[in-house]
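Report on the structure given below.
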Number of protein chains: 6
Amino acid sequence: MSGNSVATLVTKNPEEGLELAVKLARLTIKAMQPDAEMRKAQRLVYEKEPAQLIAASEVVAVHFRTIAAANNYWL
Amino acid sequence: MSGNSVATLVTKNPEEGLELAVKLARLTIKAMQPDAEMRKAQRLVYEKEPAQLIAASEVVAVHFRTIAAANNYWL
Amino acid sequence: MSGNSVATLVTKNPEEGLELAVKLARLTIKAMQPDAEMRKAQRLVYEKEPAQLIAASEVVAVHFRTIAAANNYWL
Amino acid sequence: MSGNSVATLVTKNPEEGLELAVKLARLTIKAMQPDAEMRKAQRLVYEKEPAQLIAASEVVAVHFRTIAAANNYWL
Amino acid sequence: MSGNSVATLVTKNPEEGLELAVKLARLTIKAMQPDAEMRKAQRLVYEKEPAQLIAASEVVAVHFRTIAAANNYWL
Amino acid sequence: MSGNSVATLVTKNPEEGLELAVKLARLTIKAMQPDAEMRKAQRLVYEKEPAQLIAASEVVAVHFRTIAAANNYWL
(Lines give C-alpha, C1' and ligand atoms only; values in the text may rest on other atoms or scores of the structure.)
Protein backbone atom coordinates (compact mmCIF):
# COMPACT_ATOMS: atom_id res chain seq x y z
CA MET A 1 0.00 0.00 0.00
CA SER A 2 1.51 3.27 -1.15
CA GLY A 3 0.29 5.06 1.96
CA ASN A 4 2.90 3.25 3.99
CA SER A 5 5.99 3.84 1.94
CA VAL A 6 8.31 6.76 2.53
CA ALA A 7 10.87 6.57 -0.22
CA THR A 8 11.99 10.18 0.07
CA LEU A 9 11.71 13.20 2.36
CA VAL A 10 11.66 15.54 -0.66
CA THR A 11 8.37 17.35 -1.18
CA LYS A 12 7.25 20.09 -3.53
CA ASN A 13 6.49 22.71 -0.88
CA PRO A 14 5.95 23.25 2.85
CA GLU A 15 2.32 22.12 2.65
CA GLU A 16 3.25 18.73 1.30
CA GLY A 17 6.04 18.66 3.84
CA LEU A 18 3.51 19.03 6.59
CA GLU A 19 1.43 16.20 5.10
CA LEU A 20 4.49 13.98 5.04
CA ALA A 21 5.25 14.90 8.66
CA VAL A 22 1.75 13.78 9.66
CA LYS A 23 2.31 10.55 7.73
CA LEU A 24 5.62 9.87 9.49
CA ALA A 25 3.95 10.42 12.84
CA ARG A 26 1.24 7.90 11.90
CA LEU A 27 3.73 5.34 10.62
CA THR A 28 5.58 5.59 13.91
CA ILE A 29 2.43 4.88 15.88
CA LYS A 30 1.78 1.97 13.52
CA ALA A 31 5.25 0.56 14.12
CA MET A 32 4.64 0.59 17.86
CA GLN A 33 1.02 -0.52 17.75
CA PRO A 34 0.55 -2.76 14.69
CA ASP A 35 -3.04 -3.69 15.55
CA ALA A 36 -5.29 -1.59 13.28
CA GLU A 37 -8.35 -2.00 15.48
CA MET A 38 -6.46 -0.81 18.54
CA ARG A 39 -5.12 2.20 16.67
CA LYS A 40 -8.62 3.09 15.50
CA ALA A 41 -9.99 2.91 19.05
CA GLN A 42 -7.14 5.05 20.32
CA ARG A 43 -7.64 7.53 17.53
CA LEU A 44 -11.24 8.03 18.59
CA VAL A 45 -9.96 8.91 22.03
CA TYR A 46 -7.13 11.27 21.20
CA GLU A 47 -9.02 13.16 18.49
CA LYS A 48 -11.32 14.45 21.19
CA GLU A 49 -8.62 15.28 23.69
CA PRO A 50 -6.99 18.67 23.14
CA ALA A 51 -3.98 17.70 25.26
CA GLN A 52 -3.32 14.61 23.16
CA LEU A 53 -3.88 16.43 19.87
CA ILE A 54 -1.36 19.03 20.99
CA ALA A 55 1.12 16.31 21.97
CA ALA A 56 0.63 14.64 18.59
CA SER A 57 1.16 17.93 16.80
CA GLU A 58 4.50 18.32 18.57
CA VAL A 59 5.58 15.00 17.10
CA VAL A 60 4.53 16.32 13.70
CA ALA A 61 6.49 19.55 14.31
CA VAL A 62 9.67 17.56 15.00
CA HIS A 63 9.19 15.57 11.79
CA PHE A 64 8.42 18.75 9.87
CA ARG A 65 11.74 20.21 11.05
CA THR A 66 13.53 17.15 9.66
CA ILE A 67 11.64 17.33 6.37
CA ALA A 68 12.24 21.07 6.02
CA ALA A 69 15.98 20.50 6.42
CA ALA A 70 15.82 17.72 3.80
CA ASN A 71 14.26 20.20 1.37
CA ASN A 72 16.66 23.02 2.22
CA TYR A 73 13.59 24.79 3.58
CA TRP A 74 12.10 24.93 0.05
CA LEU A 75 14.22 28.00 -0.73
CA MET B 1 -8.84 29.83 1.50
CA SER B 2 -5.50 31.62 1.68
CA GLY B 3 -5.29 31.06 5.43
CA ASN B 4 -4.61 27.39 4.77
CA SER B 5 -1.83 27.60 2.24
CA VAL B 6 1.82 27.60 3.18
CA ALA B 7 3.69 28.20 -0.02
CA THR B 8 6.89 29.35 1.62
CA LEU B 9 8.62 29.51 5.00
CA VAL B 10 10.19 32.86 4.13
CA THR B 11 8.92 35.79 6.18
CA LYS B 12 9.93 39.42 6.45
CA ASN B 13 11.00 39.33 10.09
CA PRO B 14 10.86 37.28 13.29
CA GLU B 15 7.39 38.57 14.17
CA GLU B 16 5.91 37.28 10.95
CA GLY B 17 7.90 34.12 11.50
CA LEU B 18 6.16 33.63 14.82
CA GLU B 19 2.78 34.18 13.15
CA LEU B 20 3.63 31.55 10.55
CA ALA B 21 4.71 29.16 13.31
CA VAL B 22 1.31 29.57 14.99
CA LYS B 23 -0.34 28.93 11.62
CA LEU B 24 1.67 25.74 11.05
CA ALA B 25 0.67 24.51 14.49
CA ARG B 26 -2.98 25.14 13.67
CA LEU B 27 -2.75 23.46 10.27
CA THR B 28 -1.28 20.41 11.96
CA ILE B 29 -4.16 20.21 14.39
CA LYS B 30 -6.51 20.62 11.43
CA ALA B 31 -4.83 17.76 9.55
CA MET B 32 -5.36 15.47 12.53
CA GLN B 33 -8.84 16.72 13.46
CA PRO B 34 -10.57 17.90 10.27
CA ASP B 35 -13.92 18.53 11.99
CA ALA B 36 -14.19 22.32 12.48
CA GLU B 37 -16.82 22.06 15.20
CA MET B 38 -14.68 19.65 17.19
CA ARG B 39 -11.65 21.89 16.86
CA LYS B 40 -13.69 24.87 18.05
CA ALA B 41 -14.93 22.98 21.11
CA GLN B 42 -11.38 21.83 21.92
CA ARG B 43 -10.06 25.35 21.46
CA LEU B 44 -12.48 26.62 24.09
CA VAL B 45 -11.02 24.07 26.45
CA TYR B 46 -7.32 24.52 25.87
CA GLU B 47 -7.44 28.34 25.78
CA LYS B 48 -8.39 28.25 29.43
CA GLU B 49 -5.87 25.64 30.47
CA PRO B 50 -2.40 27.04 31.16
CA ALA B 51 -0.83 23.59 30.82
CA GLN B 52 -2.29 23.09 27.36
CA LEU B 53 -1.44 26.61 26.22
CA ILE B 54 2.14 25.98 27.30
CA ALA B 55 2.20 22.65 25.45
CA ALA B 56 0.81 24.35 22.36
CA SER B 57 3.42 27.08 22.60
CA GLU B 58 6.15 24.44 22.60
CA VAL B 59 4.82 23.18 19.28
CA VAL B 60 4.98 26.76 18.01
CA ALA B 61 8.56 27.08 19.31
CA VAL B 62 9.63 24.01 17.33
CA HIS B 63 8.04 25.42 14.17
CA PHE B 64 9.61 28.83 14.84
CA ARG B 65 13.03 27.16 14.99
CA THR B 66 12.41 25.63 11.56
CA ILE B 67 11.17 28.93 10.13
CA ALA B 68 14.09 30.87 11.62
CA ALA B 69 16.52 28.48 9.93
CA ALA B 70 14.64 28.90 6.64
CA ASN B 71 15.15 32.65 6.92
CA ASN B 72 18.81 32.40 7.96
CA TYR B 73 17.62 33.88 11.25
CA TRP B 74 16.66 37.15 9.45
CA LEU B 75 20.31 38.27 9.59
CA MET C 1 4.17 48.92 22.30
CA SER C 2 7.83 48.09 21.98
CA GLY C 3 7.45 45.12 24.32
CA ASN C 4 5.62 43.28 21.61
CA SER C 5 7.90 43.80 18.65
CA VAL C 6 10.62 41.36 17.72
CA ALA C 7 12.49 43.00 14.90
CA THR C 8 15.62 40.92 15.27
CA LEU C 9 16.95 37.81 17.01
CA VAL C 10 20.34 39.42 17.47
CA THR C 11 21.27 40.17 21.08
CA LYS C 12 24.41 41.40 22.76
CA ASN C 13 25.07 38.31 24.85
CA PRO C 14 23.55 35.05 26.15
CA GLU C 15 21.76 36.82 29.00
CA GLU C 16 19.87 39.11 26.65
CA GLY C 17 19.27 36.08 24.46
CA LEU C 18 17.56 34.36 27.37
CA GLU C 19 15.42 37.45 27.96
CA LEU C 20 14.39 37.45 24.32
CA ALA C 21 13.55 33.75 24.53
CA VAL C 22 11.24 34.45 27.47
CA LYS C 23 9.65 37.26 25.44
CA LEU C 24 9.09 34.99 22.43
CA ALA C 25 7.44 32.43 24.68
CA ARG C 26 5.13 35.10 26.06
CA LEU C 27 4.27 36.48 22.61
CA THR C 28 3.34 32.97 21.54
CA ILE C 29 0.97 32.56 24.46
CA LYS C 30 -0.46 35.99 23.59
CA ALA C 31 -1.02 34.96 19.97
CA MET C 32 -3.00 31.94 21.12
CA GLN C 33 -4.82 33.64 23.99
CA PRO C 34 -5.27 37.34 23.10
CA ASP C 35 -7.42 38.09 26.16
CA ALA C 36 -5.14 39.88 28.65
CA GLU C 37 -7.37 39.13 31.64
CA MET C 38 -7.40 35.43 30.82
CA ARG C 39 -3.62 35.37 30.44
CA LYS C 40 -3.23 37.10 33.79
CA ALA C 41 -5.49 34.58 35.52
CA GLN C 42 -3.58 31.69 33.92
CA ARG C 43 -0.28 33.22 34.89
CA LEU C 44 -1.33 33.25 38.52
CA VAL C 45 -1.95 29.53 38.20
CA TYR C 46 1.15 28.38 36.39
CA GLU C 47 3.56 30.53 38.42
CA LYS C 48 2.70 28.40 41.41
CA GLU C 49 2.85 25.06 39.65
CA PRO C 50 6.36 23.64 39.36
CA ALA C 51 5.28 21.28 36.56
CA GLN C 52 3.96 24.15 34.47
CA LEU C 53 6.93 26.39 35.16
CA ILE C 54 9.19 23.57 34.01
CA ALA C 55 7.10 23.07 30.87
CA ALA C 56 7.24 26.79 30.17
CA SER C 57 10.99 26.80 30.65
CA GLU C 58 11.31 24.07 28.02
CA VAL C 59 9.56 26.37 25.56
CA VAL C 60 12.08 29.07 26.49
CA ALA C 61 14.94 26.60 26.01
CA VAL C 62 13.78 25.83 22.47
CA HIS C 63 13.59 29.54 21.66
CA PHE C 64 16.99 30.11 23.26
CA ARG C 65 18.46 27.46 20.97
CA THR C 66 17.08 29.35 17.96
CA ILE C 67 18.36 32.69 19.24
CA ALA C 68 21.79 31.25 20.05
CA ALA C 69 22.11 29.98 16.48
CA ALA C 70 21.03 33.42 15.19
CA ASN C 71 23.89 34.94 17.17
CA ASN C 72 26.44 32.33 16.16
CA TYR C 73 26.44 31.40 19.84
CA TRP C 74 27.91 34.83 20.74
CA LEU C 75 31.39 33.56 19.82
CA MET D 1 21.82 -10.71 19.49
CA SER D 2 21.84 -8.60 16.36
CA GLY D 3 18.65 -6.83 17.38
CA ASN D 4 20.58 -4.99 20.04
CA SER D 5 23.54 -3.75 18.08
CA VAL D 6 23.61 -0.37 16.43
CA ALA D 7 26.86 -0.27 14.52
CA THR D 8 25.82 2.54 12.19
CA LEU D 9 23.14 5.18 11.72
CA VAL D 10 23.30 4.77 7.94
CA THR D 11 20.19 3.28 6.38
CA LYS D 12 19.05 2.73 2.82
CA ASN D 13 16.03 5.05 2.93
CA PRO D 14 13.69 6.97 5.23
CA GLU D 15 11.61 3.89 5.97
CA GLU D 16 14.57 1.98 7.33
CA GLY D 17 15.56 5.14 9.13
CA LEU D 18 12.24 5.14 10.91
CA GLU D 19 12.72 1.48 11.86
CA LEU D 20 16.13 2.29 13.29
CA ALA D 21 14.64 5.21 15.23
CA VAL D 22 12.10 2.84 16.81
CA LYS D 23 14.95 0.46 17.66
CA LEU D 24 16.99 3.23 19.30
CA ALA D 25 13.97 4.21 21.38
CA ARG D 26 13.57 0.61 22.51
CA LEU D 27 17.26 0.20 23.32
CA THR D 28 17.07 3.31 25.46
CA ILE D 29 14.16 1.93 27.45
CA LYS D 30 16.12 -1.31 27.80
CA ALA D 31 19.17 0.55 29.12
CA MET D 32 17.02 2.17 31.81
CA GLN D 33 14.89 -0.86 32.60
CA PRO D 34 16.97 -3.99 31.96
CA ASP D 35 14.35 -6.38 33.32
CA ALA D 36 12.63 -7.96 30.29
CA GLU D 37 9.56 -9.02 32.24
CA MET D 38 9.05 -5.49 33.55
CA ARG D 39 9.43 -4.02 30.08
CA LYS D 40 6.88 -6.48 28.71
CA ALA D 41 4.37 -5.58 31.43
CA GLN D 42 4.89 -1.89 30.77
CA ARG D 43 4.57 -2.40 27.06
CA LEU D 44 1.14 -3.95 27.55
CA VAL D 45 0.16 -0.77 29.38
CA TYR D 46 1.51 1.87 27.05
CA GLU D 47 0.38 0.16 23.85
CA LYS D 48 -3.18 0.79 24.94
CA GLU D 49 -2.67 4.35 26.10
CA PRO D 50 -2.83 6.91 23.30
CA ALA D 51 -1.04 9.53 25.43
CA GLN D 52 1.89 7.19 26.04
CA LEU D 53 2.04 6.02 22.44
CA ILE D 54 2.19 9.66 21.36
CA ALA D 55 4.94 10.39 23.90
CA ALA D 56 6.88 7.35 22.66
CA SER D 57 6.47 8.49 19.07
CA GLU D 58 8.01 11.84 19.97
CA VAL D 59 11.09 10.01 21.21
CA VAL D 60 11.17 8.19 17.86
CA ALA D 61 10.81 11.52 16.02
CA VAL D 62 13.86 12.92 17.81
CA HIS D 63 15.89 9.83 16.92
CA PHE D 64 14.62 9.98 13.33
CA ARG D 65 15.88 13.57 13.09
CA THR D 66 19.34 12.39 14.17
CA ILE D 67 19.30 9.47 11.74
CA ALA D 68 18.09 11.67 8.87
CA ALA D 69 21.01 14.03 9.45
CA ALA D 70 23.38 11.06 9.51
CA ASN D 71 22.09 10.04 6.09
CA ASN D 72 22.16 13.57 4.67
CA TYR D 73 18.39 13.21 4.50
CA TRP D 74 18.75 10.40 1.90
CA LEU D 75 19.20 13.01 -0.86
CA MET E 1 25.91 38.07 41.97
CA SER E 2 28.10 36.13 39.62
CA GLY E 3 25.81 33.12 39.76
CA ASN E 4 23.30 35.00 37.65
CA SER E 5 25.45 36.21 34.82
CA VAL E 6 25.92 34.25 31.63
CA ALA E 7 28.48 36.17 29.65
CA THR E 8 29.46 33.28 27.40
CA LEU E 9 28.37 29.79 26.39
CA VAL E 10 31.98 28.66 26.08
CA THR E 11 33.07 26.10 28.66
CA LYS E 12 36.20 24.05 29.14
CA ASN E 13 34.62 20.64 28.69
CA PRO E 14 31.30 18.77 28.54
CA GLU E 15 31.04 18.58 32.32
CA GLU E 16 31.17 22.34 32.71
CA GLY E 17 28.79 22.56 29.79
CA LEU E 18 26.30 20.46 31.70
CA GLU E 19 26.70 22.72 34.73
CA LEU E 20 26.03 25.76 32.58
CA ALA E 21 22.96 24.05 31.11
CA VAL E 22 21.59 23.50 34.62
CA LYS E 23 22.30 27.16 35.38
CA LEU E 24 20.46 28.35 32.25
CA ALA E 25 17.48 26.22 33.22
CA ARG E 26 17.46 27.79 36.69
CA LEU E 27 17.81 31.34 35.34
CA THR E 28 14.82 30.70 33.09
CA ILE E 29 12.70 29.60 36.02
CA LYS E 30 13.89 32.70 37.87
CA ALA E 31 12.89 34.97 34.98
CA MET E 32 9.38 33.53 35.07
CA GLN E 33 9.06 33.30 38.84
CA PRO E 34 11.16 36.10 40.39
CA ASP E 35 9.98 35.39 43.95
CA ALA E 36 12.80 33.49 45.67
CA GLU E 37 10.57 32.10 48.40
CA MET E 38 8.13 30.72 45.84
CA ARG E 39 10.93 29.12 43.87
CA LYS E 40 12.30 27.52 47.01
CA ALA E 41 8.88 26.08 47.89
CA GLN E 42 8.46 24.75 44.37
CA ARG E 43 11.92 23.28 44.40
CA LEU E 44 11.07 21.26 47.49
CA VAL E 45 8.15 19.83 45.55
CA TYR E 46 9.77 18.99 42.25
CA GLU E 47 12.95 17.53 43.78
CA LYS E 48 10.84 14.74 45.18
CA GLU E 49 8.79 14.12 42.05
CA PRO E 50 10.52 11.89 39.52
CA ALA E 51 8.23 13.10 36.73
CA GLN E 52 9.16 16.71 37.36
CA LEU E 53 12.85 15.98 37.74
CA ILE E 54 12.74 14.19 34.39
CA ALA E 55 10.91 17.13 32.80
CA ALA E 56 13.49 19.52 34.24
CA SER E 57 16.30 17.36 32.93
CA GLU E 58 14.82 17.59 29.43
CA VAL E 59 15.08 21.37 29.66
CA VAL E 60 18.71 20.93 30.67
CA ALA E 61 19.27 18.56 27.72
CA VAL E 62 17.98 21.19 25.29
CA HIS E 63 20.30 23.82 26.78
CA PHE E 64 23.20 21.34 26.73
CA ARG E 65 22.61 20.83 23.00
CA THR E 66 22.90 24.60 22.47
CA ILE E 67 26.02 24.84 24.62
CA ALA E 68 27.63 21.84 22.91
CA ALA E 69 27.12 23.52 19.53
CA ALA E 70 28.60 26.75 20.91
CA ASN E 71 31.71 24.80 21.89
CA ASN E 72 31.95 22.87 18.63
CA TYR E 73 31.24 19.81 20.76
CA TRP E 74 34.57 20.29 22.59
CA LEU E 75 36.38 18.57 19.72
CA MET F 1 34.58 8.27 40.52
CA SER F 2 35.10 7.81 36.80
CA GLY F 3 31.39 7.19 36.26
CA ASN F 4 30.77 10.88 36.87
CA SER F 5 33.28 12.43 34.54
CA VAL F 6 32.42 13.37 30.98
CA ALA F 7 35.67 14.53 29.45
CA THR F 8 34.56 14.09 25.86
CA LEU F 9 31.47 13.46 23.75
CA VAL F 10 33.46 11.34 21.31
CA THR F 11 32.53 7.65 21.30
CA LYS F 12 33.53 4.71 19.16
CA ASN F 13 30.10 4.01 17.72
CA PRO F 14 26.37 4.73 18.07
CA GLU F 15 25.97 2.12 20.80
CA GLU F 16 28.52 3.78 23.04
CA GLY F 17 26.94 7.10 22.12
CA LEU F 18 23.64 5.86 23.47
CA GLU F 19 25.35 4.73 26.69
CA LEU F 20 26.90 8.18 27.06
CA ALA F 21 23.50 9.78 26.46
CA VAL F 22 22.02 7.71 29.30
CA LYS F 23 24.95 8.78 31.49
CA LEU F 24 24.41 12.47 30.70
CA ALA F 25 20.74 12.12 31.58
CA ARG F 26 21.67 10.55 34.91
CA LEU F 27 24.29 13.20 35.69
CA THR F 28 21.69 15.87 35.06
CA ILE F 29 19.29 14.29 37.51
CA LYS F 30 22.18 14.06 39.98
CA ALA F 31 22.98 17.76 39.56
CA MET F 32 19.39 18.64 40.40
CA GLN F 33 18.90 16.05 43.13
CA PRO F 34 22.27 15.44 44.80
CA ASP F 35 20.84 13.17 47.52
CA ALA F 36 21.66 9.59 46.48
CA GLU F 37 19.01 8.04 48.69
CA MET F 38 16.33 10.27 47.19
CA ARG F 39 17.44 9.44 43.67
CA LYS F 40 17.32 5.73 44.47
CA ALA F 41 13.78 6.02 45.85
CA GLN F 42 12.69 7.97 42.79
CA ARG F 43 14.34 5.49 40.49
CA LEU F 44 12.28 2.68 42.00
CA VAL F 45 9.20 4.69 41.13
CA TYR F 46 9.96 5.75 37.59
CA GLU F 47 11.36 2.36 36.51
CA LYS F 48 7.89 0.94 36.94
CA GLU F 49 6.03 3.79 35.28
CA PRO F 50 5.93 3.53 31.49
CA ALA F 51 5.07 7.23 31.16
CA GLN F 52 8.13 8.24 33.14
CA LEU F 53 10.42 5.80 31.38
CA ILE F 54 9.24 7.24 28.07
CA ALA F 55 9.83 10.79 29.31
CA ALA F 56 13.30 9.81 30.48
CA SER F 57 14.04 8.21 27.13
CA GLU F 58 13.18 11.49 25.40
CA VAL F 59 15.84 13.20 27.49
CA VAL F 60 18.26 10.50 26.35
CA ALA F 61 17.20 11.03 22.73
CA VAL F 62 18.01 14.74 22.96
CA HIS F 63 21.45 13.96 24.42
CA PHE F 64 22.01 11.27 21.77
CA ARG F 65 21.33 13.88 19.08
CA THR F 66 24.02 16.11 20.58
CA ILE F 67 26.48 13.23 20.86
CA ALA F 68 25.78 12.05 17.32
CA ALA F 69 26.58 15.55 16.02
CA ALA F 70 29.78 15.57 18.07
CA ASN F 71 30.82 12.34 16.35
CA ASN F 72 29.80 13.49 12.88
CA TYR F 73 27.21 10.73 13.08
CA TRP F 74 29.99 8.08 13.16
CA LEU F 75 30.27 8.30 9.37
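The values are calculated or read from the model by the stated rules, or taken from the named source; none is laboratory data. Model, not experiment: these values are computed from the prediction. So basically every Cβ, Gly included, is an ideal-geometry build from the backbone, and we count neighbours across all protein chains shown.
Filter the range C:52-65 down to residues that are at the interface with chain E (Cβ under 9 Å from one of its Cβ atoms) and either in contact with a Leu (Cβ under 9 Å, 6 or more places away or on another chain) or under 14 Å from residue B:51 (Cβ atoms) (or both), then give me how many there are.
So the count comes out to 9.
Output the residues belonging to the range F:26-75 that are touching a residue at least 24 places away in the same chain (Cβ under 8 Å), more than 24 Å from residue E:74 (Cα to Cα) and surrounded by fewer than 17 Cβ atoms within 10 Å (Cβ to Cβ).
none
Please state which of the following conditions residue A:23 fails to meet, knowing it meets all the rest: (1) within 13 Å of chain B (Cβ to nearest Cβ); (2) buried (at least 21 other Cβ atoms within 10 Å of the Cβ).
(2) is the only condition that residue A:23 fails.
Would you be able to tell me the number of residues in the range E:1-19 that are buried (at least 23 other Cβ atoms within 10 Å of the Cβ) and under 26 Å from residue F:46 (Cα atoms)?
Count: 1.
Consider the range A:21-75. How many of its residues are of a type in the set (Gly, Ala, Ser), within 14 Å of the chain's Cα centre (by Cα) and more than 20 Å from residue B:57 (Cβ to Cβ)?
1
Might you check whether a residue that is within 8 Å of chain E (Cβ to nearest Cβ), among the aromatic types (Phe, Trp, Tyr) and out of contact with any Cys (no Cβ under 6 Å at 6 or more places or on another chain) occurs anywhere in the range C:35-51?
No, that holds for no residue.
For the range E:1-20, which residues satisfy the criterion of being more than 21 Å from residue F:24 (Cα to Cα) and more than 7 Å from every other protein chain (Cβ to nearest Cβ)?
The answer is E:1, E:2, E:3, E:4.
So in the range D:1-20, with the set limited to residues that are modelled with pLDDT of 90 or more and of a type in the set (Gly, Ala, Ser), which one is nearest to residue D:62 (Cα to Cα)?
D:17
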